[in-house]
């Protein structure tokens, strides 16, 4: 999380040289520090699963996500900084705890554990995630025809029908990239972002360049669902097209590309957060988490 928010300039995001009116760089720093006990708890529960002392379905991933949001809210006064990131990193922390307890880090085993965590989620996980969403108040949250998160009756229906978190995320995966990662076993993270990031890091030998160019890569290929919620599909397509053009010019690796990156950031900043590729930033956090588990260090 610290590496993600510190990388700059990630066009449209808060970063070390760009704040939003209500959410600033230091709010993201505080969030990352506040969440450390939650990652430890999730990893420990993964460790207990490896010992056979806990089942995947009793991991209580929804409770961990809600606790994460509560900790973040207690440690800063800005807007929603971390809901999407928490949704991605909490299962990664738990899966990593189990994976590392059973031997050296193995990417395939980690993904297998992530799949089991997602598919073993319960209706109580769904309840806790709904509570976390309402607590975080993410931007651009509209109404859903299926178990709307703002509707109190949705909680009753989830309990009565015992609808798991995974089942709900299957529905929302059609319009939300965080849900899609859960449903498709973190496909964007492992198959698009991670190999590109590792290649960029090997080529440039510069962590900031690698992170920003990976951000541009993901944004160029995956329409940002936060922008879609706030400004519509057409704007999201425009932003992705621009990200592709900037990356094709080299991104931060070339003089011309660097100029375009900074210009792109200035252009998106004019919309005062409306064209903030926040879902893409969340995905960068999950990509960096796996890279760190693989041994990448600043």
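The values are calculated or read from the model by the stated rules, or taken from the named source; none is laboratory data. What you see is a predicted model, and the numbers here were worked out from it, not measured in a lab. Virtual Cβ from ideal backbone geometry, glycine too; neighbours counted across all protein chains shown.
Does the range 173-186 hold any residues that are surrounded by 14 or more Cβ atoms within 10 Å (Cβ to Cβ) and over 25 Å from residue 10 (Cβ atoms), and which are they? Within the range 173-186, 183, 185 meet the criteria. If you check residue 59 against the conditions, is it farther than 17 Å from residue 284 by Cβ, without any contact (Cβ under 8 Å) to a residue 24 or more places away in the chain and touching a helix residue (DSSP H, G or I) at 6+ places or on another chain (Cβ under 7 Å)? Considered against the rule, which asks whether it is farther than 17 Å from residue 284 by Cβ, without any contact (Cβ under 8 Å) to a residue 24 or more places away in the chain and touching a helix residue (DSSP H, G or I) at 6+ places or on another chain (Cβ under 7 Å), residue 59 comes out as no. Scan the range 108-137 for residues that are surrounded by 19 or more Cβ atoms within 10 Å (Cβ to Cβ), within 20 Å of the chain's Cα centre (by Cα) and not in a helix (DSSP H, G or I) and the total you get is 1. Can you tell me how many residues within the range 187-222 are buried (at least 18 other Cβ atoms within 10 Å of the Cβ), without any contact (Cβ under 8 Å) to a residue 40 or more places away in the chain and closer than 27 Å to residue 173 by Cβ? Of the residues in that region, 3 qualify.
Scanning the range 246-290 for residues that are free of Cβ contacts under 8 Å to residues at least 24 places away in the same chain and part of a loop (DSSP other than H, G, I, E, B) returns 249, 250, 254, 270. None of 78, 103 is modelled with pLDDT under 95 and either in a helix (DSSP H, G or I) or buried (at least 18 other Cβ atoms within 10 Å of the Cβ) (or both) except 78. Here residue 85 qualifies as buried (at least 24 other Cβ atoms within 10 Å of the Cβ) and in contact with a helix residue (DSSP H, G or I) (Cβ under 9 Å, 6 or more places away or on another chain). Candidates are the residues of the range 232-241 that are assigned to a helix (DSSP H, G or I) and without any contact (Cβ under 8 Å) to a residue 60 or more places away in the chain; the one that is surrounded by the most Cβ atoms within 10 Å (Cβ to Cβ) is 236. Evaluated against (1) surrounded by 15 or more Cβ atoms within 10 Å (Cβ to Cβ); (2) in contact with a helix residue (DSSP H, G or I) (Cβ under 7 Å, 6 or more places away or on another chain); (3) at pLDDT 95 or above, residue 162 falls short on exactly one condition, (1).
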